[in-house]
Amino acid sequence: MSGAVSVHAITAADLATVATLHATSWRRAYRGILGDDYLDGDLVAERTAVWREKLTDGVGLGWMVRVDDTPAGFVFVRPREDARWGTLVDNLHVLADYQGHGLGRRLLHEVATWCAQHAPDDGVYLWVFTDNTPARGFYARVGGAEVEAVEQLASDGRVLPELRVSWRTPLALMDGATVRL
């Protein structure tokens, strides 16, 4: 991948772009995990409604990565979501054509930097579907530890197995998310 990479904070003006990125990412990454009827339905409209609420509730914040001004992915966090585990990485998505080029690490580095400044003693965590082996491999490569297995209600209405992936501190995440050249 060649091109200028930029990262900016997500605002309400990014609603349609984030919803489209989210739906596109889910349709590829979650095929065989979430139901086909759900993924093939009007996922953009459903994600738009979800993101309208997320971007206006004032609880979370996020960043979008672009390559040559083309949206390639985003991350969204909910600071101090859990008293024990810390800040929740609520969403991390990089479109398939841009994966493997350090963009996911770049987005997680933004998270780690923010957390180090605003919640330095808290951990960082996320949930990943147990069957999402590519994502699990990525999180392991950036230092995440799978610390808990649960079954949770998924967006398609089914209960699915998920894993909590955790970093003890923002600095542990920052170390794992540093792009090594």
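The values are calculated or read from the model by the stated rules, or taken from the named source; none is laboratory data. Since this is a predicted model, take the numbers as computed values, not measurements. Neighbour counts run over all protein chains shown; Cβ positions are idealised from the backbone, glycine included. Areas reflect the complete protein model, heavy atoms only, side chains present, ligands, DNA and RNA absent. Shrake-Rupley method; radii C 1.70, N 1.55, O 1.52, S 1.80 Å.
What percent do you get for the relative contact order of segment 36-181 when only Cα pairs under 8 Å and 6+ apart count?
20 percent.
Could you tell me what % of all Cα pairs in segment 18-62 have separations over 11 Å?
Of all Cα-Cα pairs in segment 18-62, 65 percent lie more than 11 Å apart.
If a paramagnetic tag sat 7 Å from the Cα of Thr20 along the Cα-Cβ line, which residues of segment 53-71 would have the backbone N under 19 Å from that point?
53, 55, 63-71
Tell me whether the chain comes out rounded, prolate or oblate; compute the Cα gyration tensor, take square roots of the eigenvalues as a ≥ b ≥ c, and use a/c under 1.5 as the rounded threshold.
rounded
Skip the ligands, DNA and RNA, and give the accessible area per residue of segment 10-103 with a 1.4 Å probe, whole Å².
47
So, with a 1.4 angstrom probe, what is the percent of accessible area on the chain that is carbon and sulfur?
Carbon-and-sulfur percentage of accessible area, whole number: 49.
Using the Karplus equation 6.51 cos²θ - 1.76 cosθ + 1.60 (θ = phi - 60°), what ³J(HN,Hα) coupling, rounded to whole Hz, does each residue of segment 125-138 give in order, writing x for Gly and Pro?
Each residue of segment 125-138 in turn: 8, 8, 10, 9, 4, 4, 7, 8, 5, x, 5, 4, x, 4 Hz.
Please work out the average accessible area per residue across segment 105-146, using the 1.4 Å probe convention, and give it in Å².
So segment 105-146 comes to 46 Å² accessible per residue, rounded to a whole number.
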